[in-house]
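Below is one structure; the comments refer to it alone.
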Amino acid sequence: MGQKVNPIGFRTGVMQGWKSRWYASKQDFAGLLLEDYKLRNFIKNHPHKTQYRQAGVDRIEIERTRDEVKVVLYVARPGLIIGKRGQEIDILQNELQSLIGRRVNLKIEEISRPELQAQLVAEEVAAQLSKRASFRRTMKRTLEQTMEAGAKGIKIQLSGRLGGAEMARREKQIAGSIPLSTLRAKIDYGFTEAKTAQGNIGVQVWINQGMYQGDSDGVDAEASQAPKVPKRTYKR
């Protein structure tokens with residue numbers, strides 16, 4: 001049986017921070033956790049504005065203080081959320097405040113290279129599959145685009161009734177290197193489902209964005225390795 005772990009959860013708290021940053025007592029923890037879920041779900045699946053799904057929301061980070069809830073959206077196309085003269089972002093901020101009943105400070109951050117974000121790549125693959133595109137051609141084209149954007153490696157895995165087959169199966173394609181067990185490797189992971197006439201198809205994407213740039217003892221240790229042959233010692 002394959003033993004796989006989510007690469008983001010594997011590195012959270014070790015090489016990267018949490019998506020939600022706040023502290024609460026035991027009595028309030030469950031309610032605040034549910035608030036975080038409501039905020040993320042409302043933005044990703046807005047009941048009226050479909051342009052939010054086309055904006056390419058990669059991740060939503062939430063930070064709480066005593067006075068307000070700070071929500072940071074990392075978006076590939078921020079213009080679809082900000083709107084003309086910032087009108088749309090004000091409307092969204094008011095909607096979030098009425099949803100949770102707290103003061104919300106909304107901030108938008110633009111993603112410069114969406115081809116290197118696994119969640120956005122997975123959603124793009126799912127959109128192509130929903131339009132009845134060939135899954136092998138879609139996977140191959142996505143691999144090429146991501147590698148050309150500067151990724152060190154990418155793996156795409158699809159599972160479901162691929163090509164309308166009667167029996168569900170799993171197919172994957174890999175380009176470059178994906179060192180999943182190396183904590184210093186910056187592996188981004190994304191998952192979504194493509195809704196097709198034959199049923200849902202699961203889309204998983206792993207992207208190797210390189211190594212974390214930080215003070216690491218490992219690099220220094222490799223550079224100053226002791227020689228394999230010990231030096232001769234002279235006794236007096």
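Here are some notes:
- Longest DSSP-loop-exposure-free segment, chymotrypsin sites (Phe, Trp or Tyr not before Pro), the chain, at most 14 other Cβ within 10 Å: 24-211
- Amide H contacts of Arg59 (H built 1.01 Å from N, in plane; Pro and chain starts excluded): Tyr74 sit under 5 Å, all sequence-distant by 5 or more or on other chains.
- Percent antiparallel among DSSP beta bridges (both partners in the chain, rounded to 5): 75
- Stretch gain in nm, segment Ala197-Gln87, where the contour uses 0.36 nm per residue and the Cα spacing is subtracted: 35.9 nm
- Taking segment 114-218 and dividing mean pair separation by its residue count, relative contact order in percent (alpha carbons under 8 Å, at least six apart): 34
- For the chain, the longest principal axis of the C-alpha atoms and the axis of helix 87-100 are separated by about 90°.
- Dividing the alpha-carbon radius of gyration of segment 7-110 by the rule-of-thumb value 2.2 N^0.38 Å gives 1.10.
- In a fully extended conformation the segment linking Gln3 and Ala30 would gain 6.8 nm over its present Cα-Cα distance, using 0.36 nm per residue.
- Simple spin-label estimate for Thr50 and Arg102 gives 3.3 nm between the two label positions (7 Å along the Cα-to-Cβ direction from each Cα).
- Shown here for segment 123-194: GluC sites (Glu not before Pro) in loop regions (DSSP other than H, G, I, E, B) with at most 10 other Cβ atoms within 10 Å, namely Glu166.
- Set against the labelled values [x] 17; [y] 32; [z] 23, percent of Cα pairs over 33 Å apart computed from this structure falls on [y].
- Residue order, fewest to most beta carbons within 10 Å, for Thr182, Thr142: Thr182, Thr142
Laboratory data are not the source of any read-out in this text; all were calculated from the coordinates shown. Please read all numbers here as calculations on a predicted model, not as lab measurements. Neighbour counts run over all protein chains shown; Cβ positions are idealised from the backbone, glycine included.
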